[in-house]
Amino acid sequence: MKNITRLTEELAELGLYPQITADSVGSFDKNSSYACRLISSFIADYYEGLENIAKRIAKEIDGHFPSGQEWHRELLEQVSRELPGKRPAAFSEKTFEMIDELRRFRHIFRAKYGFSLNPKKVYENLSLVHDLHSSVCEDIKAFLDKMEVLSEFNN
C-alpha cells in the first residue's frame with residue numbers, strides 16, 4: 001500500500017493526480033508519445049503494486065497461487081472471493097473490475113513496448129487510477145479489519 005500511495009504522490013508532483021492539471025509531463029507535451037510512455041509506466045507500476053498485494057494474500061493466506069497463461073486474471077479473481085472462515089475478499093467486485101481494466105492496459109503497454117500508445121486510452125487509465133485508489137484503500141482497510149476479527153475468533 002505504501003508503494004502504490006507513493007506512486008499517486010509522484011503523479012501529483014507531475015500535476016496528474018488526483019486531477020490532471022498539467023499541460024506537459026516534464027519537458028514533453030502531455031499528449032506526446034514520450035509523456036504517454038512515462039504515464040503508462042506509472043499506471044503499470046500501480047497495477048504491479050496491486051498484483052503484489054494479491055500475490056501475498058494468495059501465497060501467505062490461501063496457500064496456493066494460480067498458474068498457466070491466465071494467472072494474472074485468475075489471481076485477481078481468487079483474492080476477490082471470500083474464503084469462508086479463512087479470509088474475506090480482498091477486493092470488492094467494483095474494485096476487481098477496475099484493477100482488471102488496468103491489467104489489460106498494462107498488458108497492451110508491455111506488449112507494445114510503450115510504442116504507439118493512444119493518448120486517450122492512457123488518460124482514461126490514468127483517470128481509472130484516480131477512481132481506483134480510494135476503492136483499494138477502503139477495501140484493504142476492510143480486509144485487514146476483518147482478518148483481525150477472524151484471527152481473534154480463530155485463536
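Only residues that are within 20 Å of ILE99 (Cα to Cα) and either among the aromatic types (Phe, Trp, Tyr) or in a loop (DSSP other than H, G, I, E, B) (or both): list them for region 1-19, please.
Result: MET1, LEU16, TYR17, PRO18, GLN19.
Between a residue in region 5-27 that is over 16 Å from GLU124 (Cβ atoms) and any residue that is of a type in the set (D, E, K, R) and assigned to a strand (DSSP E or B), which pairs come within a Cβ distance under 8 Å, given they are 6 or more apart or on different chains?
Final answer for the pair search is ASP23/ASP29.
Which of (1) exposed (fewer than 13 other Cβ atoms within 10 Å of the Cβ); (2) modelled with pLDDT under 95; (3) of a type in the set (Gly, Ala, Ser) is the odd one out, the single condition GLY63 does not satisfy?
Failed condition: (2).
At pLDDT 95 or above and out of contact with any Pro (no Cβ under 7 Å at 6 or more places or on another chain): is that true of LYS112 in this structure?
Taking the combined requirement at face value, the residue does not satisfy it.
Is it the case, given these coordinates, that PHE115 is crowded, with 16+ Cβ neighbours inside 10 Å and on the phi < 0 side of the Ramachandran plot?
Against the criterion (crowded, with 16+ Cβ neighbours inside 10 Å and on the phi < 0 side of the Ramachandran plot), PHE115 does not qualify.
Go through (1) basic (Lys, Arg); (2) more than 13 Å from the chain's Cα centre (by Cα); (3) farther than 18 Å from PHE143 by Cα one by one and return the number of the condition ARG106 breaks.
With respect to (1) basic (Lys, Arg); (2) more than 13 Å from the chain's Cα centre (by Cα); (3) farther than 18 Å from PHE143 by Cα, ARG106 is out only on (2).
Would it be correct to say that ARG56 is farther than 20 Å from SER134 by Cα and under 18 Å from the mean Cα position of the chain (by Cα)?
Judged against the criteria, ARG56 is a match.
Is it the case that region 4-25 has a residue that's under 19 Å from the mean Cα position of the chain (by Cα) and under 30 Å from GLU152 (Cα atoms)?
yes
What is the number of the single condition among (1) closer than 30 Å to PHE153 by Cβ; (2) in contact (Cβ under 8 Å) with a residue 24 or more places away in the chain that ASN31 does not meet?
(1)
The values are calculated or read from the model by the stated rules, or taken from the named source; none is laboratory data. Bear in mind that the values here come from a model prediction, so they are computed numbers and not experimental data. Because the Cβ atoms are built from the backbone with ideal geometry, glycine has one as well, and the counts that use them run over all protein chains shown.
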